[in-house]
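The values are calculated or read from the model by the stated rules, or taken from the named source; none is laboratory data. Computed from a prediction, not measured in an experiment: that's the story for all the values here. With ideal geometry, Cβ positions are generated from the backbone for all residues, glycine too; neighbour counts draw on all protein chains shown. Areas reflect the complete protein model, heavy atoms only, side chains present, ligands, DNA and RNA absent. Shrake-Rupley method; radii C 1.70, N 1.55, O 1.52, S 1.80 Å.
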Amino acid sequence: MKMGSASAGLVSIFSNGYRSLGAPVSSWRTLASSSLYKHYKRNSKGAVLSCLSSSKIELACLSSKVDVAQTTTSSVNGYHKYDRLLPCPSENGPPRVEHLVVSEGGPVLEYICKSLDLPPLFVADLIHFGTVYYALVCPQPPPSATPEQIRIFKEVTAPSVLSKRTSIKGKTVREAQKTFRITHVEQFVEAGTYLRVHVHPKRFPRCYEIDWKSRIIAVADSYVVLDKPAGTSVGGTSDNIEESCATFASRALGFSTPLKTTHQIDNCTEGWYCILLMLHCLCVVLARTKEYCSIFHGKIREKKVKKLYLALTAAPVPIGIITHYMRPINVAPRLISEDFIKGWYLCKLEVMECKEVPWPDPVIQQKYCIEDFEWPSKDRAYECKINLLTGRTHQVRAQLAACGAPIVGDSMYMPAAIAEMANPGLSPFGKYKKYTTESDKEMAVTKWFARFGKEPKVAIGLQACQISWDDGEHFYEARSPWWRSGMA
């Protein structure tokens, strides 16, 4: 991932507040098997704790060496030479997340530059993109931590040390260990502060290819309705708030105040997704004010917002209500069962229409990076209109795949559906599950996750085609889905 210099200066960051966020599971999944070079580095500026991100902050590995794709220039620390985050690379390289403990207070940009041997402009870009987080107190290391790592943790979190820090007085340890986004390059970080730096943020090159004005469906005093393109993020990710629909739509409309996402961000399993799927097109509402953002959240909670989806499936789906139960663990691919299982989430959707359509032609498949995974019959596909009765992450994708009708191009669930068709009983909780003991079940689950879970590159055959609220008083439709622009 080679990055060239950006000709323009930094634009002032949109974010005007802090958000508490954890490290993404996806980074851990991607690099779980990577080899790590573990060591502890102390220089004149303090202690550096480095490791790859995980679903929980892990300080077990102290340094990682991961080659970044498509680069030939190396720096002294084993990584490629860093310059600027723009222009945006066409491909994402492996994630690199560094965990630091500050031993001498000062401006955050200066500290990161010296600790990680990164150029100031690159670190300024990282902060602008929202990739840097801090916590007042270093998190607890995992059981796999080395004696040296435990020593470092005890050293910076000793009661005698913490008692001298006025910034954490009145806070519990858990409160002091919460992470918040750094928003200014000159923000002061005191000794003992924990920093997490996403050096290789997930990038969204599609943002720079789109005519954003043409994607605006409506502009009202309180909100904007956007036809979200596939391959983009609505409000940003934990390591990239710059390359998002909210940011680019705000600029396209010339707004001085950035648009705000109106979906819930505090509970993934109630209603809407934390970060709306980057893979499909959406008819999405962005608030122009904080007040309307709160109002719309209320409408979602009160179930006054209705959305209809179009799904392009590889096989026909029966008309009517489909019910499954989803495993309550936030790891993809989501596991679901036709049988009721205590503690699992209820998933219900209504298939309103299902009509036969041509399979997308090769030109369109190439444009949107659609893979067919050797689906046995590509003569025809099926366009289904779906009313989502419960809102679970990946619900439509997982339920349709469980019905033997995966969404076209869905690399996470389509190969799994094909494998289950070829070998009934492979799915741990499918109709033909074979295990007889709990250990057999756990083994089946482990094998399932090891084999499946690849996210699509750009698009899948799924679109939120209609959105309405207040009993239809506000009603909007998205443009035609990508698969209708060219079919064989």
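Quick notes on this one:
- Looking only at residues of region 168-180 that are more than 26 Å from the chain's Cα centre (by Cα) and part of a helix (DSSP H, G or I), we find that the one that is surrounded by the most Cβ atoms within 10 Å (Cβ to Cβ) is Ile168.
Yes/no matrix, rows are residues, columns are (1) in the same structural domain as Ala246 (by the TED database); (2) open to solvent by 60 Å² or more (accessible area, probe 1.4 Å); (3) closer than 30 Å to Ala230 by Cβ:
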| site | (1), (2), (3) |
| --- | --- |
| Asp117 | no, yes, no |
| Phe122 | no, no, yes |
| Phe153 | no, no, no |
| Ala158 | no, no, no |
| Ile182 | no, no, no |
| Val185 | no, no, no |
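- Residue check, Ala464 touching a strand residue (DSSP E or B) at 6+ places or on another chain (Cβ under 8 Å) and hydrophobic (A, V, I, L, M, F, W, C): yes
- For first residues located in region 432-444 and part of a loop (DSSP other than H, G, I, E, B), partners that are surrounded by 14 or more Cβ atoms within 10 Å (Cβ to Cβ) and lie 6+ apart or on another chain with Cβ distances below 6 Å form the pairs Tyr435/Lys441; Tyr435/Ala444.
- Residue match in region 129-142 (condition: in contact (Cβ under 8 Å) with a residue 60 or more places away in the chain, in a helix (DSSP H, G or I) and under 14 Å from Val199 (Cβ atoms)): yes
- All positions within region 168-190 that are closer than 23 Å to Thr131 by Cα and among the small types (Gly, Ala, Ser): Ala176
- Filter result (farther than 21 Å from Val331 by Cβ, modelled with pLDDT of 85 or more, open to solvent by less than 80 Å² (accessible area, probe 1.4 Å) and outside any strand (DSSP E or B)) within region 445-477: Ala459, Gly461, Asp470, Gly472
- Of all residues in region 184-208 being in a loop (DSSP other than H, G, I, E, B) and in contact with a helix residue (DSSP H, G or I) (Cβ under 6 Å, 6 or more places away or on another chain), the one that is modelled with the lowest pLDDT: Gly192
- Selection within region 311-327 - within 23 Å of Ile370 (Cα to Cα) and either modelled with pLDDT under 95 or in a loop (DSSP other than H, G, I, E, B) (or both): Ala314, Ala315, Pro316, Val317
- Restricting attention to region 231-247 and to residues that are small (Gly, Ala, Ser) and touching a Pro at 6+ places or on another chain (Cβ under 9 Å), the residue that is modelled with the highest pLDDT turns out to be Ala246.
- Qualifying residue in region 452-464 (condition: over 30 Å from Gly298 (Cβ atoms) and in contact with an Asp or Glu (Cβ under 7 Å, 6 or more places away or on another chain)): yes
- Subset of region 243-263 (residues that are open to solvent by 20 Å² or more (accessible area, probe 1.4 Å) and either part of a loop (DSSP other than H, G, I, E, B) or outside the structural domain of Ser214 (by the TED database) (or both)): Leu253, Gly254, Phe255, Ser256, Thr257, Pro258
- Test: residue in region 317-330 that is open to solvent by 70 Å² or more (accessible area, probe 1.4 Å), touching a helix residue (DSSP H, G or I) at 6+ places or on another chain (Cβ under 8 Å), more than 30 Å from Glu209 (Cα to Cα) and assigned by the TED database to the domain that holds Ala464: yes
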